[in-house]
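Colleague: My questions will all concern the structure given below.
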Amino acid sequence: MTAINEVTRYDLEGDVGVVTLNSPPVNALSAPVRDGLANGVAAAMADAGAKAIVIICEGRTFIAGADITEFGGPQRGASLYDVQTTIENAKKPVIAAIHGTALGGGLEVALTCHYRVAVPSARCGLPEVNLGLLPGAGGTQRLPRIVGVQKALEMMTSGQHVPAKECLAMGLVDELVEEGKLREGAVAYAHKVAAEGRPLKRVRDLSDKIEAAKGHPEIFANFRAANSRRFRGFLAPEYNIRCVEAAVNQSFEDGLATERKLFGELMAGSQSAAQRYAFFAERQAAKIPDVPDDTAVIPVNKVGIIGAGTMGGGIAMNFMNIGIPVTIVEMKQEALDRGLATIRRNYERSRTAKPEETEARMSRLSGSLDLSALADCDLVIEAVFERMDIKKEVFAKLDAICKPGAILATNTSGLNIDEIASATKRPEAVIGLHFFSPANVMKLLEIVRADHTSKEVINTCMKLARRIGKIAVLVGVCPGFVGNRILGQRQREANKLIMEGAMPWDVDRVLYDFGFPMGPFAMSDLAGLDIGWVKERSKGETIRDVLCEMDRRGQKSGAGWYDYDENRNAKPSPVTEKILHDFIVRTGANPRKISDDEILERCLYPMVNEGAKILEEKKAIRASDIDVVWENGYGWPIYEGGPMWWGDRVGLPKVLEKMKQFQAQMGDAFKPAPLLERLAAEGKRFQDAR
Ligand code: T1G
């Protein structure tokens with residue numbers, strides 16, 4: 001064994017030289033790893049005993065990409081290009097041995113090896129697009145040469161981690177070796193390659209799959225057309241497509257040059273900066289400063305849910321999906337039957353669950369009309385009506401029924417959890433688990449820490465969130481927590497803007513063009529304008545009253561803020577326009593022309609300002625947590641980094657100046673938060689706020 005450097009060693013096993021990387025957590029291509037690779041391969045080349053070379057990693061995974069923390073820093077150590085050239089032009093066969101995830105630069109290194117073997121649980125991908133980038137180490141030119149143009153387009157624009165079996169089928173991997181026996185399997189394979197004198201296959205020399213696509217520009221046109229909705233607003237997908245076009249229409253070297261140019265443009269742009277920020281923000285959110293990672297975790301092997309409605313059912317599916325039995329309690333048999341049937345239908349409709357999986361998951365579900373059925377649950381989640389009196393009644397009963405040590409959670413979307421906890425003698429066991437609808441799909445989980453919630457309960461729920469595939473953000477108790485509290489600011493201004501002369505479709509268009517999937521008025525037409533509206537009590541006092549009284553209750557009635565055709569396509573409504581105009585005049589105001597800039601600033605700046613208040617009140621641990629909430633729960637476009645990151649990019653002095661201007665014109669709803677004032681004055685950003 002020869003230590004090449006602090007993260008690399010070289011061994012000769014039989015007639016195979018093995019270069020082993022060990023750079024936790026994910027063997028990212030940091031400078032020491034690049035140096036280790038270059039010198040390790042050189043050592044193997046120089047070792048007369050080595051007839052072939054294996055590159056393998058220790059730890060949880062093969063190389064999971066370039067080291068993102070090095071981006072934007074000075075170039076240190078060997079360049080990745082040089083490392084790859086050394087490998088690709090080696091005069092001995094080089095075999096990549098893959099476990100975990102070969103991603104980004106990691107797969108690009110493997111693509112310069114002459115052969116690739118993997119264990120069945122491994123996955124390969126080029127997920128740079130998720131960082132607003134493209135594979136910048138030859139992946140855009142080599143991948144299409146080995147898997148074909150269509151598959152390369154799919155992999156590079158989705159960032160998908162492709163299972164090893166599929167990689168084998170498409171030629172990306174040459175052989176699967178026994179699970180848990182990667183090293184032996186790879187050394188045996190390398191020995192075979194050398195012994196059989198197999199060619200030093202360079203992916204860059206492959207051309208058949210590229211040739212097949214020459215003269216077929218429709219491949220790219222169709223791919224763009226088929227994915228235009230998914231790629232809307234993002235730059236990186238288009239840049240990835242252009243690189244694959246270059247692979248088809250240019251020489252390998254020219255294609256590499258195109259890749260380098262387009263990579264540089266993306267790297268210098270704000271979208272990638274925002275998406276890289278989001279990558280780390282998501283991982284930061286899992287870290288709770290005063291709850292160490294090794295805080296005790298309460299075992300959760302049985303979950304109880306109260307309420308079999310849309311939320312209760314969706315929440316249940318998360319636990320059933322990972323093998324945890326769930327008992328759902330309802331008041332009436334009919335509601336229980338409806339809830340259980342909806343869960344089964346959701347599985348039957350989902351494209352991912354096979355019939356046998358559906359049965360396995362449904363076998364973990366039981367229903368009851370009796371709360372005492374939850375006595376031995378480790379975690380109980382209440383998802384009943386959003387009324388404090390009902391919540392407190394339920395928690396008082398749970399307190400009497402549930403075993404000691406059980407976690408009592410509420411799915412409230414904004415009620416005071418300290419008050420709910422006060423209905424029990426074990427407030428330390430009470431926590432908020434605020435799921436988003438549909439709860440089995442939406443990634444975000446707002447975990448709400450109440451005054452007495454114990455660190456064990458918090459750590460248990462943060463870890464459990466990861467097990468059910470959620471992105472958890474810990475927030476404090478305040479009306480609407482983080483997400484809805486900030487949403488309230490945008491909603492207020494949207495409603496005020498249409499009372500001043502803007503049309504609902506103007507507001508929606510501006511927010512849609514900013515990157516939100518949908519504007520607030522189209523959203524309320526989708527949800528139904530009559531949620532919480534009572535016909536008997538309606539007096540035409542609000543626009544919504546008037547619309548509902550006219551049976552314009554949204555998409556479901558064919559009209560709401562918008563008019564809808566038979567295919568539910570929305571178009572601006574002259575009826576709504578007239579109603580709005582008459583309403584404004586009736587209130588004595590004069591409708592005025594409102595610019596798109598004003599619409600955007602009045603909708604978004606108060607959100608940033610409210611985020612500042614949330615940070616001041618310590619209802620969020622860090623600014624990036626607020627951004628993670630909005631990107632994963634409220635459709636804030638990830639390439640705009642979230643309200644706090646975006647506020648920093650616009651510049652806090654500008655946000656402050658505008659808030660003050662609006663405050664002077666429209667009152668204290670725009671009163672700047674002291675933190676905004678302070679950071680703007682100190683030339684600091686929210687990211688610097690401590
Ligand atoms: N660089 C630096 N740190 C990384 C990293 C990376 N590429 N990947 C992960 N980490 C850190 C992460 O921040 C966390 O740190 C810890 O590792 C565990 O990660 C030239 C330009 C590999 C599937 O996009 O998708 O190559 O919080 O919590 O859930 O073309 O990490 O513990 O301090 O996510 O088990 C392309 C990114 C880079 C893959 C593991 N590669 N990583 O998931 O653990 S760009 C990627 C992941 C590139 C080239 C280009 C996942 C994972 P900490 P984790 P996990």
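The values are calculated or read from the model by the stated rules, or taken from the named source; none is laboratory data. Owing to the predicted nature of the structure, the values given are computational and were not obtained by experimental measurement. Heads up, the Cβs are rebuilt from the backbone with ideal geometry, glycines too, and the neighbour counts pull from every protein chain shown.
Colleague: Every residue in segment 270-298 that is surrounded by 16 or more Cβ atoms within 10 Å (Cβ to Cβ), within 14 Å of the ligand (Cβ to nearest atom) and not in a helix (DSSP H, G or I), please.
Modeller: ALA285, ALA286, ILE288
Colleague: Please pick out the residue among TRP630, TRP561 that is touching a residue at least 60 places away in the same chain (Cβ under 8 Å) and among the aromatic types (Phe, Trp, Tyr).
Modeller: On the way: TRP561 fails: touching a residue at least 60 places away in the same chain (Cβ under 8 Å).
Only one candidate passes the filter, namely TRP630.
Colleague: Can you tell me how many residues in segment 30-65 are more than 14 Å from the ligand (Cβ to nearest atom) and of a type in the set (Val, Ile, Thr)? Quick ask: steps written out before the conclusion?
Modeller: Within segment 30-65, the first condition is being more than 14 Å from the ligand (Cβ to nearest atom), and the residues that meet it are 35-36, 38-56, 58.
Still in the list and also of a type in the set (Val, Ile, Thr): 41, 53-56.
Selection size over segment 30-65: 5.
Colleague: Next question, about the same structure. Check whether at least one residue in segment 397-405 is within 16 Å of the ligand (Cβ to nearest atom), more than 20 Å from MET311 (Cβ to Cβ) and aliphatic (A, V, I, L, M), and report yes or no. Give the steps one after another, and end with the answer.
Modeller: Taking segment 397-405 as the starting set, the residues that turn out to be within 16 Å of the ligand (Cβ to nearest atom) are none.
No.
Colleague: What number of residues within segment 428-454 are farther than 27 Å from THR310 by Cα and out of contact with any Pro (no Cβ under 8 Å at 6 or more places or on another chain)?
Modeller: So the answer is 2.
Colleague: A further question on this structure: Does segment 158-172 hold any residues that are in a loop (DSSP other than H, G, I, E, B) and surrounded by fewer than 24 Cβ atoms within 10 Å (Cβ to Cβ), and which are they? Steps first, please.
Modeller: Initially, segment 158-172 is screened for residues in a loop (DSSP other than H, G, I, E, B), giving 159-161, 170-172.
Selection gives GLY159, GLN160, HIS161, MET170, GLY171.
Colleague: Residues that are near the ligand (Cβ under 8 Å from one of its atoms) and touching a Phe, Trp or Tyr at 6+ places or on another chain (Cβ under 9 Å), at least 1 per element: which strands (runs of 3 or more DSSP E) completely within segment 95-157 meet that?
Modeller: On the way: elements: 101-103, 115-118, 123-125.
Ranges flagged: 101-103.
Colleague: Another one. Is it the case that ALA669 is under 25 Å from LYS496 (Cα atoms), out of contact with any Ser or Thr (no Cβ under 6 Å at 6 or more places or on another chain) and not charged (D, E, K, R)? Steps first, answer last, please.
Modeller: On the way: under 25 Å from LYS496 (Cα atoms): yes; out of contact with any Ser or Thr (no Cβ under 6 Å at 6 or more places or on another chain): yes; not charged (D, E, K, R): yes.
Against the criterion (under 25 Å from LYS496 (Cα atoms), out of contact with any Ser or Thr (no Cβ under 6 Å at 6 or more places or on another chain) and not charged (D, E, K, R)), ALA669 qualifies.
Colleague: Return yes or no: is VAL187 outside any helix (DSSP H, G or I), surrounded by 15 or more Cβ atoms within 10 Å (Cβ to Cβ) and in contact with a strand residue (DSSP E or B) (Cβ under 8 Å, 6 or more places away or on another chain)? Before you say what the answer is, go through the steps one by one.
Modeller: On the way: outside any helix (DSSP H, G or I): no; surrounded by 15 or more Cβ atoms within 10 Å (Cβ to Cβ): yes; in contact with a strand residue (DSSP E or B) (Cβ under 8 Å, 6 or more places away or on another chain): yes.
It is false that VAL187 is outside any helix (DSSP H, G or I), surrounded by 15 or more Cβ atoms within 10 Å (Cβ to Cβ) and in contact with a strand residue (DSSP E or B) (Cβ under 8 Å, 6 or more places away or on another chain).
Colleague: Also, quick follow-up: Given the criteria modelled with pLDDT of 95 or more, touching a strand residue (DSSP E or B) at 6+ places or on another chain (Cβ under 7 Å), within 16 Å of the ligand (Cβ to nearest atom) and not acidic (Asp, Glu), does ASN459 qualify? Please lay out each step first, then the result.
Modeller: Details: modelled with pLDDT of 95 or more: yes; touching a strand residue (DSSP E or B) at 6+ places or on another chain (Cβ under 7 Å): yes; within 16 Å of the ligand (Cβ to nearest atom): yes; not acidic (Asp, Glu): yes.
The answer is yes for ASN459.
Colleague: Moving on. Given the criterion more than 16 Å from the ligand (Cβ to nearest atom), polar (S, T, N, Q) and touching a residue at least 12 places away in the same chain (Cβ under 8 Å), identify the matching residue among ASN5, ASN22, ASN27. I'd like the intermediate steps shown before the answer.
Modeller: Details: ASN22 fails: more than 16 Å from the ligand (Cβ to nearest atom); ASN27 fails: more than 16 Å from the ligand (Cβ to nearest atom).
After ruling out the rest, the residue left standing is ASN5.
Colleague: Given the condition farther than 28 Å from PRO606 by Cα, of a type in the set (Asp, Glu) and not in a strand (DSSP E or B), answer yes or no: does some residue in segment 567-580 qualify?
Modeller: No - not one qualifying residue is present in segment 567-580.
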